[in-house]
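Q: Below is a structure I'd like to ask you about.
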Amino acid sequence: MDRLTARWSSARWLPLGLIVVAAVGDALTPIGYTWVPLIAAACVLAGVLMSFRGAAWTGAFALVVTVLLDWRVGIFYGGTGWVEEVTVLLAVLIGLDVHWMLARRDRRLAAAWSVAGALQRAVLPTPPTQVGPLRVAARYEAADAEARIGGDAYAIQDTPFGIRILIGDIRGKGIGAVSITTTLIGAFRDRSPYIQPGGTC
């Protein structure tokens, strides 16, 4: 939802535009034709594109427009008028419920990303900026923007036999890859001080 409105900032005005178009179309067409379904669709769309308050105000505006359109053609008190007004009211409620579900999903996803990011930082902490004579800089960025936990591994350590550097990529993603990465980096840090040139301990 936020990504959509961030990419197309004018998209949040689409529901209001549809309501205006429906009102004009209903006013210009014969009485037997109705554009109220378009108003109802705009109310549901408002729940996706707008904030909760914006969707609620758009729904109120849609109800007022529907009542005025029915009043204009004299069906406000008739069965058709009640059907149209109830339809728009239900669309407003559905739009607000859709917004609430999307907002709850976004909160859960943000919490999961936060935990994943913390886990990734714990496994791959930022290395020191200076190791012996070397200046060090590292940055982790997952290939998939949505995947905060990957299988990349890197570490640097100064030993009596020289500076050891580990750069690797564990196959796979998720907790399994993190477990292997943790084991790999742990073994690298534990054994590096004892590995002499030539690979002997």
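The values are calculated or read from the model by the stated rules, or taken from the named source; none is laboratory data. These numbers were taken from a predicted model, which means no experiment stands behind them. Glycine also receives a Cβ, built like all others from the backbone with ideal geometry; neighbour counts cover every protein chain displayed. All accessible areas refer to the heavy atoms of the entire protein, side chains included, with ligands and DNA or RNA removed. Shrake-Rupley method; radii C 1.70, N 1.55, O 1.52, S 1.80 Å.
Results for (1) at pLDDT 90 or above; (2) assigned to a helix (DSSP H, G or I); (3) out of contact with any helix residue (DSSP H, G or I) (no Cβ under 6 Å at 6 or more places or on another chain); (4) among the acidic types (Asp, Glu), shown as yes or no for each residue.
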position	(1), (2), (3), (4)
Ile19	yes, yes, no, no
Trp57	yes, yes, yes, no
Gly81	no, yes, no, no
Val92	yes, yes, no, no
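Q: Quick one: in segment 135-161, of everything that is farther than 17 Å from Gly186 by Cα, surrounded by 13 or more Cβ atoms within 10 Å (Cβ to Cβ) and at pLDDT 70 or above, which residue is nearest to the chain's Cα centre (by Cα)?
A: Tyr140
Q: Could you figure out which of (1) crowded, with 16+ Cβ neighbours inside 10 Å; (2) in a helix (DSSP H, G or I); (3) at pLDDT 75 or above isn't true of Ser192?
A: That leaves (3) as the condition not met.
Q: Looking at Asp26, Asp97, Asp70 in this structure, which one is in a helix (DSSP H, G or I) and at pLDDT 85 or above?
A: Sole residue among the options that is in a helix (DSSP H, G or I) and at pLDDT 85 or above: Asp97.
Q: With the structure loaded, tell me whether Leu45 is under 24 Å from Asp106 (Cβ atoms) and open to solvent by 40 Å² or more (accessible area, probe 1.4 Å) or whether it fails that test.
A: Criteria met by Leu45.
Q: Working only within segment 81-134, note down all residues that are over 21 Å from the mean Cα position of the chain (by Cα), under 29 Å from Tyr33 (Cα atoms) and open to solvent by 50 Å² or more (accessible area, probe 1.4 Å).
A: Selection gives Trp82, Val83, Val86, Thr87, Leu89, Leu90, Leu93.
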